[in-house]
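Heads up: the structure comes next, in structure tokens.
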Amino acid sequence: MQLLVCGGTGCRASASATIVEKLNESLKAHQLTEEAQVVTTGCFGFCEKGPIVKVIPDNTFYTQVKPEDAEEIVAEHILKGRKVSRLLYENPENQEHIADSRHMGFYQKQMRIALRNCGVIDPENIDEYIGRDGYSALAQVVTDLTPEQAIAMVKQSGLRGRGGAGFPTGLKWEITSKFSSDQKYVVCNADEGDPGAFMDRSILEGDPNSIIEAMAICGYCIGATKGLVYIRAEYPLAIKRLEIAIAQAREYGLLGDNIFGSKFSFDMELRYGAGAFVCGEETALIASMEGKRGEPRVKPPFPAESGYMQKPTNVNNVETFANVPVIFLKGPEWYSSIGTEKSKGTKVFALAGKINNVGLIEVPMGITLREIIYEIGGGIKNGKKFKAVQTGGPSGGCLTEAHLDTPIDFDSLVAAGSMMGSGGMIVMDEDDCMVSIAKFYLEFIVEESCGKCTPCRIGNKRMLEILEKITQGKGNMEDLDHLRNLAYVIKDTSLCGLGQSSPNPVLSTLENFYDEYVAHVKDKRCFAKKCKALARYTIDPDVCTGCTICARNCPVEAITGEKREPHFIHQEICIHCGVCYQKCKFNAINVE
Amino acid sequence: MTKIKSLDDLRQKKQQLEQSMDIREKSDHPENLVQIKVAMATCGIASGARTVMNALVEKIKKENIPAVVTQTGCMGYCYAEPTVEVTKPGFDPVVFSYVDVKKAEEIVDKYILNNELIDGILPANYQTI
């Protein structure tokens, strides 16, 4: 028997390392060390209910385990064979306990290719990766195939870049392979910057060897002997595990000279990023790796021709690389049989926001938003009404109920006014104000804009000012037209992908939630009650006891009334600070 | 650590490691495998179910049978412990009673490998849902 304990960042933050210790102690105390082993794995994806402990072979899935539960799991489940039912997952629909993870709605619709080893193997032990067919793809490629044949297989699989734009991976490799140079580079883009997105981190933490293997395959295909991983320094666990994996691969000779006895040599190292959003753009990323300011430059020349140190460079995202070994193991036909006509394979999404099952999921392309939100995600928190889902991070847009049945792939999301992006998916309910959401993303963009080109640096700042005006109730109808015009100009004239896509959150909310903007501007109302300046505070005379606490705390003396008599708020003086609402002990103050 | 110098080296390495990974891969598709459940409640363990389970695991490994051995709770046949339930793909489950190490090997040799029924089968007296 084996006890798999999640060692991803989320579960570690809730003491999963202590759980491992306690489990080992208990196993020792019960003299069960021969029969059961504890294995630390990567992320299971079900972060909402972490820390996760999974017992195999019976697939029992324990959720929200605490260190003090370790003894009970060992004494009851391992020793006596009785599942600890209070730690099992509870089906939100009928409150029944589900022991087997395969029967949980969260996993039923998923198909794990990039995450195939996350939550299954010990990421700090290369042997476990090899035991799951690890490095067989690399062996096959360098001993049996020519670079051209290998590239043809990647092209045939239909794999597209998972970083956001969806450029065909095989084609990118082919272009880079055509440029001749004394030195070429393979770069892995692990600068994951979208708010709420953590799929790349989870892959690196859960299965670092798959990235090493894929980068070596890419190196063989394009003729590079050097790999670089550009990873943000805020991912210490991913860095640590990647370093362990690289060291172990070197010891086995899977990195180094003459890999598998062939003429191919490959080695790699890490480069740390300081966590700037723009460095996810490949030319800015390369500049940052060279030690320069992380700013994008005009393309062409593309990195395929002149990239890192002016040498031909192929940049792919972590998740893209994670798919590569599988294409060789299972064949490009198998891979291209999954997904839709133009988007093959699966996509990892980080589910976040007002959804029951927050976590990491991998689904075949073509699945609908409804399936993701209601079947895998378990629906909206606290039974509220679904309002919108934001995909693609600050470069994406908000989709509404009307889009729930759209099959998700690269092209359909763009057609709907959003984009795939790197795979963040933030769900919003009726309590979210869409103008404020657009403002939030714009604040992020303004903060992260590198400032090199004017439309992005100043245009976004101006857009943010207009949105601030609107949320303060000072907007007018011309502002909405102005906002739209500015957005199109920024889209058309910005230098890099960050600027070109930065107005998307504003444009998509203007498109899909125009009424809400109009309500803010014309009626000075915010239905979600999120915009403080638009809130109207009134006192319910039937509930008010006349305790005077509101009047005494009001900073502008907008509240009047006699002791033990209902009080009254003078709207023309009120500054909507909300102090009276917080202070009232009788819930007599209403907000509209 | 020894270097992996060729495809054969890697295959060899993989075979050595397969055993420990096997259990995790198999647990994803138990319906295609022979499922062996050893009743390991207090009664079963007291009558020696743990030794039986270990013997079964060893035997399965030796004969290279695609099977997954799990422990389960009390099946209710406390008088006949240790009990072992074997489900072959496409067959109804069969419960064997009074299983010791010798009988465990017999179950594998006769029933699992050759479809031969042996003494001590308990009648199925319940249905699971």
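About its Cα centre, the dipole of chain A is roughly 1020 debye, where the only charges are +1 on Lys and Arg Cβ and -1 on Asp and Glu Cβ. Peptide A:53-60 shows a mean partner chain C-beta count of 5 within 10 Å per residue C-beta. When the Cα centres of segment A:31-55 and segment A:459-511 are compared, how far apart do they sit, in Å? That distance is 47 Å. Checking the cross-link pairs A:K469/A:K532; A:K109/A:K347; B:K14/B:K103; A:K387/A:K529; A:K83/B:K37 against a 24 Å limit on the alpha carbon distance flags B:K14/B:K103 as lying beyond it. For A:K311, the lysines whose Cα falls under 22 Å of its own Cα, not counting residues fewer than eight places away in the same chain, are A:K172, A:K178, A:K184, A:K226, A:K263, A:K292, A:K299.
In summary, the helical segments of chain A meeting the span-like criteria, namely a full DSSP H run, a Cα extent along the axis of 18 angstrom or more and a mean Kyte-Doolittle hydropathy of at least -0.5, are A:16-29, A:208-222, A:236-251, A:318-330, A:434-448, A:477-493.
Kindly express, to the nearest 10 degrees and within the range 0 to 90, the angle between helix B:7-26's C-alpha long axis and the longest C-alpha principal axis of chain B. Relative to chain B, helix B:7-26 is tipped by roughly 30 degrees. Counting only other chain Cβ atoms within 10 Å of each residue's Cβ, the peptide A:247-255 averages 3.
Averaged over peptide A:126-132, how many Cβ atoms belonging to another chain are found within 10 Å of each residue's Cβ?
Across A:126-132, the average partner-chain Cβ count within 10 Å equals 6.
Taking a point 7 Å out from the Cα of B:N115 in the direction of its Cβ, the residues of segment B:66-104 whose backbone N falls within less than 14 Å of it are B:88-92. Net length available on complete extension from A:E93 to A:R564 is 164.8 nm, with 0.36 nm assigned per residue and the Cα-Cα distance removed.
Expressed as a whole number of Å, what is the distance separating the alpha-carbon centroids of segment A:398-426 and segment A:430-445? Taking the Cα centre of each part, segment A:430-445 and segment A:398-426 sit 18 Å apart. Placing pseudo-labels 7 Å out from each Cα toward the beta carbon at A:H103 and A:F586 gives an inter-label distance of 5.4 nm.
Looking at chain A, the DSSP beta bridges with both ends there are about 55 percent antiparallel. Straight Cα distances below 20 angstrom link A:K583 to the aspartates and glutamates A:D540, A:D542, A:E557, A:E562, A:E565, A:E592, with same-chain residues fewer than 8 positions distant left out.
A Förster radius of 25 Å, combined with the Cβ-Cβ distance separating B:D8 from A:E34, puts the computed FRET efficiency at roughly 0.20.
Looking at chain B, identify the longest residue range that excludes and avoids all chymotrypsin sites (Phe, Trp or Tyr not before Pro) in DSSP loops having at most 11 other Cβ atoms within 10 Å.
By the stated rule (loop sites, at most 11 other Cβ atoms within 10 Å), B:1-90.
Relative to one another, the C-alpha centroids of segment A:307-363 and segment A:364-382 are positioned 19 Å apart. Extension gain for A:E401-A:C547 works out to 48.0 nm (0.36 nm per residue, less the C-alpha to C-alpha distance). Summary of packing: across the peptides B:64-71, A:390-397, the per-residue average of other C-beta atoms within 10 Å ranks them, highest first, as A:390-397, B:64-71.
Computed from the coordinates by the stated procedures, all read-outs in this text should not be read as laboratory data. Owing to the predicted nature of the structure, the values given are computational and were not obtained by experimental measurement. Neighbour counts are summed over all protein chains in view; Cβ atoms, including those assigned to glycine, are modelled from backbone coordinates with ideal geometry.
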